[in-house]
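Engineer: Sharing a structure below in structure tokens format, with a few things to ask.
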Amino acid sequence: MHVNNEMKVEFLSKSSNESFARVAVAAFVSQMDPTVEELADIKTAVSEAVTNSIIHGYENTMGYVVVTCRIIGDTVEIIVEDKGKGIENIELARQPLYTSRPELERSGMGFTVMETFMDEVEVESEVNKGTRVRMIKKINGSR
């Protein structure tokens, strides 16, 4: 696995930083010459992963979210990590319409959206230690 390029950003778990993460990843991935649709897919998936870290990982506390992007050939790997409360049951959390925060009127579609827009989504989590979401997308427009 040869990494062509890599970037990492770390920011506070404030909802206002979700758009920052989306734009930072989009700017980084743009060097691969993605289609408008590929870029929109990536931005949507990043938004969902970062929002999950902020809303569910840290709930009403402050912590850091780390987003790492790697370009490996014609593929982009995006990792979103937090040191929040973790996910007790990953399989349940990945079910469409499931939400651990119904009082916030969340749709429970975060992982479903990520899986729809990315080629691969892996979730690792440990209660009281945090969550790591790894997303992979092949960029067909890559030169």
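No value in this document is a laboratory result; all are computed from the given coordinates. It should be emphasised that the depicted structure is a prediction, and the values quoted were computed from it without experimental measurement. Ideal geometry is used to build each Cβ from the backbone, glycine not excepted, and the neighbour counts take in all protein chains shown.
Engineer: Just the residues that are within 16 Å of Lys129 (Cα to Cα) and more than 10 Å from the chain's Cα centre (by Cα), please, taken from region 34-59.
Structural biologist: Listed by number, the residues that qualify are Ile54, Ile55, His56, Gly57, Tyr58, Glu59.
Engineer: List every residue pair whose Cβ atoms lie under 6 Å apart, where the two residues are 6 or more positions apart in sequence or sit on different chains, the first residue falls within region 1-23 and is in contact (Cβ under 8 Å) with a residue 12 or more places away in the chain, and the second residue, located anywhere, is in a strand (DSSP E or B) and small (Gly, Ala, Ser).
Structural biologist: Matching pairs, first to second residue: none at all.
Engineer: Find the residue count for region 109-131, including only residues that are touching a Pro at 6+ places or on another chain (Cβ under 8 Å) and not in a helix (DSSP H, G or I).
Structural biologist: Qualifying residue count for the region: 1.
Engineer: Restricted to region 31-54, and to residues that are touching a Ser or Thr at 6+ places or on another chain (Cβ under 8 Å) and of a type in the set (A, V, I, L, M, F, W, C), which residue is farthest from Asp82 (Cα to Cα)?
Structural biologist: Met32
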